[in-house]
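Structure first, then comments.
The values are calculated or read from the model by the stated rules, or taken from the named source; none is laboratory data. Being a predicted model, the structure only gives us computed values, none of them experimental. Virtual Cβ from ideal backbone geometry, glycine too; neighbours counted across all protein chains shown.
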């Protein structure tokens, strides 16, 4: 099976190289915003959009109109057209919204080089910039296909997209686990394992609020405001890195330990509308947790099953099957029929595991993962 994997390394550019990186990142942002603006205007006039071919053909004219774009690698600007085309087409589905304008003050510019780049022992050669020193802290797997240069506050990173082949393996069903995510405990597993909620945002919330207040007091457009914005960005980056580190370690451990994982298909966007829980839900990153489990299960030939969000897993007794009301404040499931008393999250995870196991058994055991549509057809049959 052919898979793609990204490897991210920190760049250590000189002052001159940093200025060129800012220029290329700014040019990519400018082209994106320009394409978005002309598409909005074109749609108002014709009820149609302009896609990759029209945008790519228009690039030479855009360079003549704005000479500073010539300082960017031409293929990087073409990649902006491709990325915008994909974002525009993805917006036609309900899952993703319409593309938005990119802001300079977010300090998160990026550009992609599909060709003409080169990776050395201690440097990455970036077209139009030259050899930029990097910190290669890990070995890469597979064949490098492209590089993406990204800004995160005052730092720059090089992400190398590699492609390599994984030998297919037979899937096992001996050790399938159900996972119920929550806020009190990050995750409760059907084998009674509990993963505690690290609450990364809470640890840095006071410091973040303090720095944001200082930012609001700075004069707009001043150098001090720009410096303060970088300080705020560093705190956000710290929180983001802690979350990613926790999620990667947790998901890798689960995929290594179990033959398959079963989760609920949660409506996270709908849950975020609750202003009392929105901050806590955003902090635990359930969607990213699910995404990582899905692709890691695929890479390791393990089962990944999502059950319907309307299944009454929290209301159903895992021992006798009785369904009863379970408000959020009630943490213990007490069954009046069989007399069992069990933690509500553990009870839900056991039910989730059983539903997932029955779906896997109904579809049969094979080397390929059944799609959600195939799984539903199996259950109907």
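What residue, of 18, 8, is in contact (Cβ under 8 Å) with a residue 60 or more places away in the chain, closer than 26 Å to residue 144 by Cα and assigned to a helix (DSSP H, G or I)?
On inspection, the qualifying residue turns out to be 18.
Let me confirm something: among 45, 16, which residue is surrounded by fewer than 18 Cβ atoms within 10 Å (Cβ to Cβ) and more than 23 Å from residue 130 (Cβ to Cβ)?
Only one candidate qualifies: 45.
For (1) modelled with pLDDT under 95; (2) under 14 Å from residue 28 (Cα atoms), each residue gets a yes or a no:
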| position | (1), (2) |
| --- | --- |
| 98 | yes, no |
| 103 | yes, yes |
| 117 | no, no |
| 124 | no, no |
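Could you list, in sequence order, the residues of the stretch 83-101 that are within 23 Å of residue 20 (Cα to Cα) and surrounded by fewer than 17 Cβ atoms within 10 Å (Cβ to Cβ)?
Within the stretch 83-101, just 101 meets the criteria.
In this structure, does residue 138 turn out to be surrounded by 15 or more Cβ atoms within 10 Å (Cβ to Cβ) and outside the structural domain of residue 279 (by TED's automatic domain parsing)?
Answer is no for this residue.
Which residues, counting only those in the stretch 325-357, are surrounded by fewer than 14 Cβ atoms within 10 Å (Cβ to Cβ) and free of Cβ contacts under 8 Å to residues at least 40 places away in the same chain?
Correct list: 325, 327, 328, 329, 330, 332, 334, 336, 337, 338, 339, 341.
Determine whether the stretch 220-231 contains at least one residue that is surrounded by 15 or more Cβ atoms within 10 Å (Cβ to Cβ), farther than 21 Å from residue 302 by Cα and touching a strand residue (DSSP E or B) at 6+ places or on another chain (Cβ under 6 Å).
No, the stretch 220-231 contains no residue that is surrounded by 15 or more Cβ atoms within 10 Å (Cβ to Cβ), farther than 21 Å from residue 302 by Cα and touching a strand residue (DSSP E or B) at 6+ places or on another chain (Cβ under 6 Å).
For residue 321, work out the one condition from (1) at positive phi; (2) modelled with pLDDT of 90 or more; (3) more than 21 Å from the chain's Cα centre (by Cα) it doesn't fulfil.
Result: residue 321 fails condition (2) only.
Find the residue count for the stretch 156-184, including only residues that are part of a strand (DSSP E or B) and either loosely packed, with under 15 Cβ neighbours inside 10 Å or touching a helix residue (DSSP H, G or I) at 6+ places or on another chain (Cβ under 8 Å) (or both).
Of the residues in the stretch 156-184, 10 are part of a strand (DSSP E or B) and either loosely packed, with under 15 Cβ neighbours inside 10 Å or touching a helix residue (DSSP H, G or I) at 6+ places or on another chain (Cβ under 8 Å) (or both).
Return the residue satisfying two criteria in turn: it lies in the stretch 141-155 and is in contact with a helix residue (DSSP H, G or I) (Cβ under 6 Å, 6 or more places away or on another chain) and not in a loop (DSSP other than H, G, I, E, B), and of such residues it is surrounded by the most Cβ atoms within 10 Å (Cβ to Cβ).
Here the answer is 151.
Can you pull out the residues in the stretch 96-135 that are assigned to a loop (DSSP other than H, G, I, E, B), touching a helix residue (DSSP H, G or I) at 6+ places or on another chain (Cβ under 9 Å) and within 19 Å of residue 77 (Cβ to Cβ)?
Result: 99, 101, 102, 108, 109, 114, 115, 116, 127, 128, 129.
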